[in-house]
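Let me begin by presenting the structure, written as structure tokens, before commenting on it.
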Amino acid sequence: MFSSIKSFGISGISSYSVEVETDISNGMPSFEIVGLPDAAVKESRDRVRSAIKNCGFTFPVGRITVNLAPADTKKVGAVYDLAVMLGILSASNQIKYNFLDSGFVGELSLKGDIRKVNGVLSMTIKARDMGLKSIIVPFENRFEAGVIEGIDVLPVKTFFEVIEHFSGEKIIEPYKSDLSAEGAVELSNLDFFEVKGQPKAIRACEIAAVGEHNLLLVGPPGSGKSMLAKRMPTILPEMSFEEAIKTTEIHSIAGVLKSGVALIKQRPFRAPHHSVSPHGLSGGGVYPKPGEISLAHNGVLFLDELPEYDKTALEILRQPLEDRSVTVSRVAGSVTFPSSFMLIAAMNPCKCGYRGHPTRPCTCTDAAAQRYVNRISGPLLDRFDMQVEINAVKFEDISASPSGEHSESIKARILEAIEFRNKRLEALPSNILEKNRGNFSSSRLTPQLLELTCKITDDAKKSLAMIFDRTGLSARAYDKILKVSRSIADIDKSEDITEDHIFEAVQYRNLDRKYFSR
């Protein structure tokens, strides 16, 4: 006898349909799974065999062949257990139900319980796009799956619940996630109000948030670099529903989506340790999974103690920072992960950390200090739109009560600047807007948009020409200054870039010569 059950696999961050075909014929008893299964899929033979017996069914005697189609695509994980068990029971005529309009995902325990699997959000989207009426998912995966409209999400704890539903004995109610519920949002209790004695750095963070600029913070230990970086998500604009779905998909596939979270609404903040491997940053493995730069998609990637990172790992960042995606190639295939993130890095000015400190002496020689900062390559340094020096905090600032702005008020100004920018861009021709959609923040401006949107006054142009000639800035640095100036002008709600905007933007490039002269 033959049966076919629909299930799903994951490739990169996308899901694809898998037909679990089961044939039982006469012959020497055997149980084979074909269709490029990995070890976890092959081991499902033992899980399914035990689950069938412990659920009160009879494991059929005969030649059992399970094919996971398409047969030329590698199948990974225990996601097919439930579909394989249903296929065997259907092919042996122990159950006779219509499974044509449903998809099935879930790992089996030996007694027939259904356990959670990774990537259920992507699988649910694929099931809906295929036109299926329902998808059976593990109970623990119900939050993420229930976000998707247009398909019935049926969460189950045990195999018996599946049988009772399709027999009509006990219908499972479709689950819909309540996105207003507490579990749908990860809230942060951090606030810029807690940062003391760093008004210039906070101003730089505000500008960076408006234009999605990459930011490098340089200063001695304890000056507040990490404190500033960790509070960046509190002033960034809320993610759109599409951005939240994509971010949640990535975290679901990577297996790091927190239990009970239906949709990640707060922009992610990833801070990998400096011992992270190149594959840990970019993604990888025999069957590639997202790395830190993809887990930071639509959010912030924070690299503390930047020179301490492996040089190969740092150089991997260069291409994703430009293309906002990363392609990982392995023997099993190539996958592309999205990686549109804001890079914030922090570092000390030298190995001991106290070079230029007003009270503590530096123990590094000039050559040693230069070698330390030169661990950051020129091309990578050039990709930081803004470089900010963080000074040691004075005692009177530390001992005083907090007097700065709350993140909420800073965020309100940022949203006003973004609204001004969007209205300013509405004046552009529709064909240009459509061609450059997704590149409207200052840091992403294409050469065409840079020319059209960065209108500068005559005085500003003269000042910029003088600065360019005297400092020998690269062409990329010139573009960065214009883009940062555009963000500052948006905060001031100015159509044109003025001389003051240029001068402030140039202040965020002066560490090139102070610390990184080569």
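The values are calculated or read from the model by the stated rules, or taken from the named source; none is laboratory data. From a predicted model like this one, the values you see are computed outputs, not experimental measurements. Every residue, glycine among them, receives a Cβ derived from its backbone with ideal geometry; neighbour counts consider all protein chains shown.
Within the stretch 277-290, residues that are under 17 Å from LEU314 (Cα atoms) reach partners that are assigned to a loop (DSSP other than H, G, I, E, B) with beta carbons closer than 6 Å, at six or more positions or on different chains, in the pairs GLY280/GLY291; LEU281/GLY291; SER282/GLY291; GLY283/GLY291. Looking across the stretch 378-388, the residues that are of a type outside the set (A, V, I, L, M) and at pLDDT 90 or above come down to PHE384, ASP385, GLN387. Under the condition of being assigned to a helix (DSSP H, G or I) and touching a residue at least 60 places away in the same chain (Cβ under 8 Å), the residues counted in the stretch 371-388 number 7. Selection of the stretch 394-414 for residues being more than 15 Å from ARG486 (Cα to Cα), modelled with pLDDT of 85 or more and either crowded, with 16+ Cβ neighbours inside 10 Å or not basic (Lys, Arg) (or both) yields GLU405, HIS406, SER407, GLU408, SER409, ILE410, LYS411, ALA412.
Is one or more of the residues making up the stretch 352-372 in contact with a Ser or Thr (Cβ under 6 Å, 6 or more places away or on another chain) and closer than 19 Å to PRO233 by Cβ?
Checked against the condition, which is being in contact with a Ser or Thr (Cβ under 6 Å, 6 or more places away or on another chain) and closer than 19 Å to PRO233 by Cβ, the stretch 352-372 yields no hits at all.
All of PHE193, PHE241 fail the test of being outside the structural domain of VAL506 (by TED's automatic domain parsing) and in contact (Cβ under 8 Å) with a residue 60 or more places away in the chain, apart from PHE193. Just one of (1) in a helix (DSSP H, G or I); (2) surrounded by 13 or more Cβ atoms within 10 Å (Cβ to Cβ); (3) modelled with pLDDT of 80 or more; (4) not acidic (Asp, Glu) fails for ASN391. It is (1).
Screening SER102 on (1) over 19 Å from THR247 (Cα atoms); (2) surrounded by fewer than 21 Cβ atoms within 10 Å (Cβ to Cβ); (3) not hydrophobic (A, V, I, L, M, F, W, C) shows it passes everything except condition (2).
Here the stretch 326-343 is the region considered, the condition is being at pLDDT 90 or above and either among the hydroxyl-bearing types (Ser, Thr, Tyr) or loosely packed, with under 14 Cβ neighbours inside 10 Å (or both), and the residue that is nearest to SER122 (Cα to Cα) is SER339. Filtered by the rule that a residue be within 21 Å of SER180 (Cβ to Cβ), of a type outside the set (Ser, Thr, Tyr) and within 15 Å of the chain's Cα centre (by Cα), the stretch 250-267 gives HIS251, LEU257, LYS258, LEU263, ILE264, LYS265, GLN266, ARG267.
Scan the stretch 430-451 for residues that are assigned to a helix (DSSP H, G or I) and over 23 Å from MET386 (Cβ atoms) and report the count. Lay out the reasoning, then the answer.
The initial filter retains those residues of the stretch 430-451 that are assigned to a helix (DSSP H, G or I), namely 430-435, 442-444, 447-451.
With over 23 Å from MET386 (Cβ atoms) added as a condition, the list becomes 430-435, 448.
Qualifying residue count, the stretch 430-451: 7.
Residues in the stretch 415-433 that are charged (D, E, K, R) and exposed (fewer than 15 other Cβ atoms within 10 Å of the Cβ) were compared, and the one that is farthest from PRO233 (Cα to Cα) is GLU426. Within the stretch 250-267, the presence of at least one residue that is of a type outside the set (S, T, N, Q), within 29 Å of VAL335 (Cβ to Cβ), surrounded by 19 or more Cβ atoms within 10 Å (Cβ to Cβ) and without any contact (Cβ under 8 Å) to a residue 40 or more places away in the chain is confirmed.
Can you name the residue in the stretch 357-381 that is within 27 Å of the chain's Cα centre (by Cα) and surrounded by fewer than 18 Cβ atoms within 10 Å (Cβ to Cβ) and is also farthest from ALA505 (Cα to Cα) among such residues? Break it down into steps so the answer makes sense when it comes.
Our first condition is that a residue be within 27 Å of the chain's Cα centre (by Cα); within the stretch 357-381, this holds for 375-381.
Now drop any that are not surrounded by fewer than 18 Cβ atoms within 10 Å (Cβ to Cβ), which leaves 375, 377-379.
Values: ARG375: 25, SER377: 22, GLY378: 20, PRO379: 20 Å.
Top of the filtered list is ARG375.
Scanning the stretch 277-323 for residues that are under 15 Å from the mean Cα position of the chain (by Cα) and acidic (Asp, Glu), we see that the one that is farthest from LEU343 (Cα to Cα) is ASP323.
Considering only residues of the stretch 30-60 that are in a helix (DSSP H, G or I) and within 35 Å of the chain's Cα centre (by Cα), which is surrounded by the fewest Cβ atoms within 10 Å (Cβ to Cβ)? Walk me through it before giving the result.
Start the filter on the stretch 30-60 by keeping residues that are in a helix (DSSP H, G or I), which leaves 39-42, 44-54.
After this cut, where a residue has to be within 35 Å of the chain's Cα centre (by Cα) as well, the list is 39-42, 44-45, 47-48.
On the way: ALA39: 7, ALA40: 16, VAL41: 23, LYS42: 12, SER44: 25, ARG45: 18, ARG47: 20, VAL48: 28.
Restricting to residues being in a helix (DSSP H, G or I) and within 35 Å of the chain's Cα centre (by Cα), the top hit is ALA39.
Does the stretch 293-305 hold any residues that are closer than 19 Å to PHE384 by Cβ and crowded, with 22+ Cβ neighbours inside 10 Å, and which are they?
If we filter the stretch 293-305 for residues that are closer than 19 Å to PHE384 by Cβ, which is where we start, we get 293, 296, 299-305.
Once the filter is applied, which keeps residues that are closer than 19 Å to PHE384 by Cβ and crowded, with 22+ Cβ neighbours inside 10 Å, the stretch 293-305 yields ILE293, ALA296, GLY299, VAL300, LEU301, PHE302, LEU303.
Here is a list of conditions, (1) small (Gly, Ala, Ser); (2) assigned by TED's automatic domain parsing to the domain that holds SER494; (3) touching a helix residue (DSSP H, G or I) at 6+ places or on another chain (Cβ under 9 Å), and ALA427 meets all of them except one; can you say which number that is? Among (1) small (Gly, Ala, Ser); (2) assigned by TED's automatic domain parsing to the domain that holds SER494; (3) touching a helix residue (DSSP H, G or I) at 6+ places or on another chain (Cβ under 9 Å), the lone unmet condition for ALA427 is (3).
For SER92, state whether it is out of contact with any Gly (no Cβ under 6 Å at 6 or more places or on another chain), of a type in the set (S, T, N, Q) and over 18 Å from GLU21 (Cα atoms). If you could, list the steps in order and put the result at the bottom.
Numbers: out of contact with any Gly (no Cβ under 6 Å at 6 or more places or on another chain): yes; of a type in the set (S, T, N, Q): yes; over 18 Å from GLU21 (Cα atoms): no.
The answer is no for SER92.
Comparison of THR453, THR498, THR471 shows that the only residue that is more than 34 Å from the chain's Cα centre (by Cα) and at pLDDT below 90 is THR471. Figure legend. Inter-residue proximity from the stretch 106-133: first residues in the same structural domain as ALA262 (by TED's automatic domain parsing) and surrounded by fewer than 24 Cβ atoms within 10 Å (Cβ to Cβ), second residues assigned to a helix (DSSP H, G or I) and at pLDDT 95 or above, beta-carbon distance below 7 Å, spacing 6+ or different chains. No pairs are indicated.
The lone criterion from (1) within 30 Å of PHE99 (Cα to Cα); (2) among the hydrophobic types (A, V, I, L, M, F, W, C); (3) crowded, with 16+ Cβ neighbours inside 10 Å left unmet by ILE171 is number (3).
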